[in-house]
């Protein structure tokens, strides 16, 4: 039995992925007939059944600063918790608590990777399917969990790196900082970064590996539904990506390594199980880092207001004002809307005034208005995906790596002998 659940800030079920055993358990818990498929299968009813647990978690966090990490039931069921940006993440299963915690951390990291700081993107069916596909692929392949698999054969690696460097000359993009990565199955074969690009962190490489595997699995599924081996390397449209198989993702940035560096990801198949990923930096990293810091401080401030902790308010207001100043500076540097900078400054003045003097607006109201203003900043981190023609790049790579592609495909297929936990 297993269920992965994400609840938003008003306790509505934002994302769910569960198996039939979980549904049967929930029906029994809700006193419903197992033969009745209506009711508990609906997200609303599941959220109602779990509402007391979620509310208790939020009360413990907001009023006492002491959240649950896990619960264990008499029937052997374990519930593990995590929180991020006022959203509650749960896994309900019969597995070991430590294993469930690791899986939940992976889930939260994947959400941060595809949504950045805007978890509400999961309201979209496309993002729900994307997250579901990545969760299915997190344990596929034979790399050690939590480690970035690398193929260490010097000959083919040198040839692949040389091919990537040569193919990079065919990339026509207004964004000068990018990374080209070749994955064989779940293992990285080569990485080429343009001059001046920020280094990718080990967690970034692991997440990109999962992205590569998810695309490979979809292409193999298309092949199995009546295509041919050629279909698996024909770059059929992946449904959770754009028509050009592109999407915006967030890599880690800043001192806190938060998911605040927007990149455009493009996936393409060179051969079955041999995948090229192009990652273009959208040059809004400074906005992302400052906005993330502002969001975190504002969340702490709202928690202080709920707890009635007035001693910490002045320090927190000063920290928020400093973070917002960095945010407006980053926005101006990126030539963002000047009205947005003015809006942030005005909201900060209103918030400080409501917290320190008697005004018609309560601190809770002005804090909510500030939250809305920061959400507008986060929209700046999701520009339109720029179009990119990859035909010449793929042609160059296939030509340069032609002597190796058959053996690389065989190596890639050998990575997937085992099966992950089925939902």
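The values are calculated or read from the model by the stated rules, or taken from the named source; none is laboratory data. Bear in mind that the values here come from a model prediction, so they are computed numbers and not experimental data. Positions of Cβ are backbone-derived with ideal geometry, glycine not excepted, and every protein chain shown enters the neighbour counts.
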Taking the condition surrounded by 15 or more Cβ atoms within 10 Å (Cβ to Cβ) and at pLDDT 90 or above, does residue 46 pass? no
Can you tell me which residues in the range 188-199 are touching a residue at least 60 places away in the same chain (Cβ under 8 Å) and surrounded by 21 or more Cβ atoms within 10 Å (Cβ to Cβ)? 189
Filter pass, residue 289 being at pLDDT 90 or above, under 17 Å from the mean Cα position of the chain (by Cα) and closer than 30 Å to residue 313 by Cα: yes
Among residues belonging to the range 170-186 that are assigned to a loop (DSSP other than H, G, I, E, B) and touching a residue at least 60 places away in the same chain (Cβ under 8 Å), point out the one that is nearest to residue 210 (Cα to Cα). 186
Given the criteria at pLDDT below 90, outside any strand (DSSP E or B) and either within 19 Å of residue 237 (Cβ to Cβ) or assigned by TED's automatic domain parsing to the domain that holds residue 195 (or both), does residue 299 qualify? no
Complete set of residues in the range 237-255 that are farther than 13 Å from residue 285 by Cβ, out of contact with any strand residue (DSSP E or B) (no Cβ under 7 Å at 6 or more places or on another chain) and without any contact (Cβ under 8 Å) to a residue 40 or more places away in the chain: 237, 243
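Here's the yes/no breakdown for (1) surrounded by 14 or more Cβ atoms within 10 Å (Cβ to Cβ); (2) in contact with a strand residue (DSSP E or B) (Cβ under 6 Å, 6 or more places away or on another chain); (3) on the phi > 0 side of the Ramachandran plot:
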| residue | (1), (2), (3) |
| --- | --- |
| 315 | no, no, no |
| 349 | no, no, no |
| 369 | yes, no, no |
| 385 | yes, yes, no |
Please find, within the range 71-87, the residue that is farthest from residue 119 (Cα to Cα) out of those that are in a loop (DSSP other than H, G, I, E, B) and either in contact with a strand residue (DSSP E or B) (Cβ under 9 Å, 6 or more places away or on another chain) or assigned by TED's automatic domain parsing to the domain that holds residue 292 (or both). 73
Output the helices (runs of 4 or more DSSP H) that fall wholly within the range 88-168 and possess 3 or more residues being within 18 Å of the chain's Cα centre (by Cα) and modelled with pLDDT of 90 or more, or say none. 97-115, 125-137
Please verify whether residue 218 is at pLDDT 90 or above and assigned to a strand (DSSP E or B), treating the condition exactly as stated. no
